[in-house]
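Colleague: Right, I'll just put the structure down here and ask away after.
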Amino acid sequence: MSRSGPSPSLRPSTGTVMTNARTADPDLAEPTDPIRLGVQLRHARLVKGLRLKDVADRSGYSESLISKIENDKVTPSLSTLLRLAKALGTTVASLLGEQSGNSDTVMRAGQRPMIQQIAVAGTPSDGTEAEVLVPFGSSSLLQGFLIRVLPGGGSDGARQHDGEEVGFVRRGELLLTVAGTEYRLREGDSFFFRSSLLHSFSNPGDVPTEVIWVNTPASL
């Protein structure tokens, strides 16, 4: 199913925040800081009348970690945001939409919002980060990310929701599991499946993986 080929490495993992390299092009903006959704998460919890303990019980995360995320002391990964959004009865798309003011047709390198986990001792890490390709949040029919997965990282469990998904592996390897069947994809391979099927992913290789991942509707 897949074809092999040289896989250029991404920047090496140093335990620090990954950002786009600065270029000499004056039209390119400085790398974007990670998205901070603590205020939106806390607002969604209070609107639902939920306590930190309620969200902790639903998501499987500790009250301490959720409190740190709500106060922007810890920046969660995309997988963590997905679990918290589900526990709150909302979606990442809706949370992004609340703070997204960018309606540009083109987003230059370094301008795209970034969902990336800042390493903090004692907090769980799934080894992923995601650049937001569709800036319109829940007002868009599409939701797209450029996802980077460190070796051994992944989706932190299986998920399912409404819609359809399509993706393209730009670099590295991806182990994709859909409805109990594992598929090993390499650079240049693509995939498509119904989001209602239980699915998960991980990086089985020894270099970072980069995947363009799009789903519709914006139900994550």
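The values are calculated or read from the model by the stated rules, or taken from the named source; none is laboratory data. As the structure is a prediction and not an experimental result, all values here were calculated from the model. Cβ sites come from the backbone with ideal geometry, for glycine too, and all protein chains shown count toward neighbours. Each accessible area value is taken on the protein alone, full model and side chains, heavy atoms only, with ligands, DNA and RNA left out. Shrake-Rupley method; radii C 1.70, N 1.55, O 1.52, S 1.80 Å.
Colleague: Tell me, what ³J(HN,Hα) does each residue in region 59-72 have, in order and in whole Hz, if you take phi through Karplus 6.51 cos²θ - 1.76 cosθ + 1.60 with θ = phi - 60° and put x for Gly and Pro?
Modeller: Going residue by residue, I get 9, x, 8, 6, 4, 4, 5, 4, 4, 5, 5, 4, 9, 6 Hz, with x marking Gly and Pro.
Colleague: Another question, then. Rounded to the nearest 10 Å², what accessible area does Lys73 show when all protein chains are kept and the probe is 1.4 Å?
Modeller: 150
Colleague: What net charge is computed for the residues neighbouring Lys86, neighbours being all others with C-beta under 9 Å from the C-beta of Lys86, Lys and Arg scored +1, Asp and Glu -1?
Modeller: Local charge sum for Lys86: +3.
Colleague: With θ set to phi - 60° and the Karplus curve 6.51 cos²θ - 1.76 cosθ + 1.60, what are the ³J(HN,Hα) couplings of region 73-90 in order, to the nearest whole Hz, using x for Gly and Pro?
Modeller: Values per residue, Gly and Pro as x: 8, 10, 9, x, 7, 4, 4, 5, 4, 4, 5, 5, 4, 4, 5, 8, x, 9 Hz.
Colleague: What translational D, rounded to a whole number of µm²/s, comes out for region 148-188 from Stokes-Einstein when the hydrodynamic radius is the Kirkwood one over Cα pairs, at 20 °C and 1.002 mPa s?
Modeller: 184
Colleague: Sort His43, His161 by heavy-atom solvent-accessible area, probe 1.4 angstrom, most to least.
Modeller: Greatest to least solvent exposure: His43, His161.
Colleague: Using amide H atoms built in the peptide plane, which far-off residues or other-chain residues are under 5 Å from Leu133 H to H?
Modeller: The answer is Gly144, Phe145, Leu146.
Colleague: Between beta-carbons, use under 15 Å as the cut-off and find the net charge around Phe192, counting Lys and Arg +1, Asp and Glu -1.
Modeller: Computed value for this residue: -2.
Colleague: Run through every distinct alpha carbon pair of region 50-91 and return the Kirkwood hydrodynamic radius in angstroms, one decimal place.
Modeller: Its Kirkwood hydrodynamic radius stands at 10.1 Å.
Colleague: Give the Rg/Rh ratio for region 163-220, taking Rg as the radius of gyration of the Cα atoms and Rh as the Kirkwood radius, to two decimals.
Modeller: When Rh is taken as the Kirkwood radius, the ratio is 0.96.
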